[in-house]
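Chemist: Take this structure first; my questions come after.
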Amino acid sequence: MLKQQQSSTTTVAQSNVEPVDSQDLPQVWQRLLDALRQKGPSLPALLSGAKLVGIDAGQVTVSYPKDQEPVVRILERNGKKDTIRDVLSGLLSQNVGLKFEFEQSADWPLKRPVQSEPRAAVRREVAPPPPTPEPSIRITDELRQQLASDELIRAVIDTLGAEIVKVE
């Protein structure tokens with residue numbers, strides 16, 4: 001079984017894809033994305049934030065911005081990296097390794113929302129509530145007696161212990 005595995009890793013993956021020039025990185029990258037689209041939409045989507053930065057001595061290097069570390073962790077699981085490597089091997093007509101690296105540079109497109117300038121504090125003044133108007137009618141003892149003579153007001157005064165304080 002070990003011999004079979006070793007012999008399968010030394011042979012180039014057979015593909016009906018025409019080999020590309022390994023020096024033309026944009027063409028290699030585009031052909032890789034096209035070939036992966038035929039396998040499904042997930043792998044090209046995961047590679048959308050990356051750049052092919054080099055092919056050297058059988059090693060393909062793909063670079064991501066530093067904030068894309070979770071995407072690389074996804075690619076390294078469940079054979080996704082192996083699938084990408086196999087497609088690259090077919091495109092380049094040679095066995096290649098695949099390495100992901102992270103780069104922190106200013107030429108990466110911004111993935112985070114652009115922060116606008118800080119907003120100036122808005123000061124809103126609220127007018128104080130209007131003063132409570134003084135009763136327009138002055139309550140005298142005579143007025144209290146006159147109001148208490150009303151049957152309903154008398155019931156409220158006696159039952160609830162109310163007191164007349166304002167007349168509107």
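Read-outs: derived from the displayed coordinates by stated rules, not from any lab. Computed from a predicted model, the values in this text were never measured in an experiment. Cβ atoms come from the backbone with ideal geometry, glycine included; neighbour counts cover every protein chain shown.
Chemist: How much FRET efficiency would the formula 1/(1 + (r/R0)^6) give for residue 23 and residue 74, where r is the Cβ-Cβ distance and R0 is 30 Å, rounded to 0.05?
Modeler: Efficiency, rounded to the nearest 0.05: 0.50.
Chemist: If each residue's Cβ is checked for other Cβ atoms within 10 Å, how do 93, 149 rank with the fewest at the top?
Modeler: Sorted ascending by nearby Cβ count, the order is 149, 93.
Chemist: Arrange the following residues from fewest to most other Cβ atoms within 10 Å of their Cβ: 32, 160, 52.
Modeler: 160, 52, 32
Chemist: Given a Förster radius of 22 Å and the C-beta distance between residue 56 and residue 103 as r, what FRET efficiency does 1/(1 + (r/R0)^6) yield to the nearest 0.05?
Modeler: E between residue 56 and residue 103, to the nearest 0.05, is 0.85.
Chemist: If you average the C-alpha positions of the range 137-152 and of the range 22-56 separately, how far apart do those two centres end up, in angstrom?
Modeler: A separation of 94 Å, based on Cα centres.
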